[in-house]
Amino acid sequence: MDIEKKVIQALNTVDDPDLKQSLVELGMIKDLKINQQHIYFEVELTTPACPLKEKIKNDCIQAIEKAVGQDYEIAIKMGARVVQGHQQSKLSHIKNIIAIASGKGGVGKSTVTANLAIALAQTGAKVGIIDADIFGPSIPIMFNCEFERPSMDESSDKGKIIPITQYGIQLISIGFLTPPDQAVIWRGPMASSALRQFINDVAWGELDYLLVDLPPGTSDIHLTLVQAVPVAGAVIVTTPQKVALADAQKGIAMFRQAQINIPLLGLVENMSYFTPPELPEKKYYIFGQNGGKQLASNSEIPFLGEIPIQEIIRDSGDKGYPATLKNPEIASAFKGIAEKMAQELAIKTAKKTEHETIN
Ligand code: ADP
């Protein structure tokens, strides 16, 4: 048997652990080149934030070495092509719209949105944020572009708003439309038409993930907001505190309502505990212990991870330079959350596509 056939056969025994199907069957092996003692190919994953990247790579190497011996130098590029999580062809440049929601205000929804966006971008994904929090748009402050106003593209993409790009993230905020010192009372239809415009009338570049920072709560506004655009999945942010959990539960129920039916990608527990810098082995559970984890488990949604209370997270948010950009420990916590979320979304999209193909 020629060497190429042996390599393909070997790769056919390697499964994507999430999709439980062989990489070859899934069409993930690209650009296979074999010359003399070199074997090269690309594994095209469903997200650059795949937490199983190293495992898949090692599985491929082991399978090939078992089939052809160890005389070949194997080079594998771990690439990714994020699958589109909606059906709207005119939005094909935005692969997945993800709603970030919380029942209660002040639990850190915007902080998580900002850091999660940066963590996703650090894996190589193209990321945008729509700040749709009509009650308190804080993304402009968290990205230090509070006083910027997006301009209109008068040339090629006539009439479209150009998003502000900061730290590699494309941004649009409801805050850009309102003077910072003036309270604007947004009504549901106004907010949802603004959100629709933010999706359709903004000159977004290619985006793998567009995070929508929703207002806190579960009112009619939320119903109209999430129905205004094709949301692929939702993430719930909560603190472990009883009152926050009760509201988070309402948020979960909202996404599960028949007329909304948006897949829940998971729950993030923020402000899980506090560790004083001078007592690094201590954990103080100021808002209670494990409440978020339990809510996720009781609601049968994935637990994406926990973020402690840290002064640097608050301070970086206020200074407009999210902590994930400068603190390796926080970056690692948000990377874990980003990977789990992207993995969950990829699995859900694959299942949905399979279902749609069968039906
Ligand atoms: P929400 O969007 O839910 O209203 P924010 O993200 O605006 O909440 O956070 C509320 C406040 O709490 C902000 O001042 C923010 O800096 C702070 N904060 C959020 N998460 C943390 C954390 N893990 N540690 C310390 N401060 C935090």
Checklist line | Sequence-distant aspartates and glutamates (8 or more away, or on other chains) whose Cα lies within less than 18 Å of LYS90 | finding: ASP157, ASP201, GLU206, ASP208
Next item on the list: May I ask you to work out the translational diffusion coefficient for the stretch 67-134 at 37 °C, viscosity 0.692 mPa s, via Stokes-Einstein with Rh from the Kirkwood sum over Cα pairs, reported in whole µm²/s?
Entry: 212 µm²/s
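Quote the charge dipole size of the chain about the Cα centre in Debye, to the nearest 20; the model charges only the Cβ of Lys and Arg (+1) and of Asp and Glu (-1). Please list the in-between numbers first.
Details: 35 positive and 41 negative charges, 120 e Å.
Charge dipole of the chain: 580 debye, to the nearest 20.
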Next item on the list: Mind grabbing the accessible area of LEU19 for me, 1.4 Å probe, Å², rounded to tens?
Entry: 40 Å²
Margin query: Cα atoms only: what Rg and Dmax, in Å, come out for the stretch 208-359?
Written below: 16.8, 59
Next item on the list: Return, ordered by residue number, the residues of the stretch 6-39 whose backbone nitrogen is under 12 Å from a label point located 7 Å along Cα→Cβ of VAL68.
Entry: 6-11, 32-39
Note to self: With just the Cα atoms defining each centre, how far is the stretch 295-317 from the stretch 6-21? Give it in Å.
What the structure shows: 35 Å
Note to self: Bin width 5 Å, origin at 0, all Cα-Cα pairs of the stretch 3-80: what percent of pairs per bin?
What the structure shows: 3, 16, 32, 28, 14, 6, 1
Next item on the list: Of the DSSP beta bridges with both residues in the chain, give the percent that are antiparallel, rounding to the nearest 5.
Entry: 25 percent
Notebook entry, point to check: At a Förster radius of 35 Å, what calculated FRET efficiency corresponds to the Cβ-Cβ distance of GLN257 and ARG149, to the nearest 0.05?
Noted result: 0.45
Notebook entry, point to check: Say the dipole of the chain comes from +1 at the beta carbon of Lys and Arg and -1 at that of Asp and Glu; which of LEU225, VAL82, ILE307 then lies farthest toward its positive end?
Noted result: LEU225
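Mean separation of Cα pairs under 8 Å and 6+ residues apart, divided by the residue count of the chain: what relative contact order is that in percent? Walk me through the numbers on the way to the answer.
Values: 694 pairs, mean separation 68.7, N = 359.
Over the chain, the number comes to 19 percent.
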Margin query: Show me the three semi-axes of the equivalent ellipsoid for the stretch 89-358, from the C-alpha gyration tensor (sqrt of 5 times each eigenvalue), largest first, rounded to whole Å.
Written below: 27, 22, 18
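The values are calculated or read from the model by the stated rules, or taken from the named source; none is laboratory data. Just so it is clear, the model here is predicted, and its values are computed rather than measured. Using ideal geometry, Cβ is built from the backbone for each residue, glycine included, and neighbour counts are taken over all protein chains shown. The accessibility values were calculated without ligands, DNA or RNA, using every heavy atom of the protein model including side chains. Shrake-Rupley method; radii C 1.70, N 1.55, O 1.52, S 1.80 Å.
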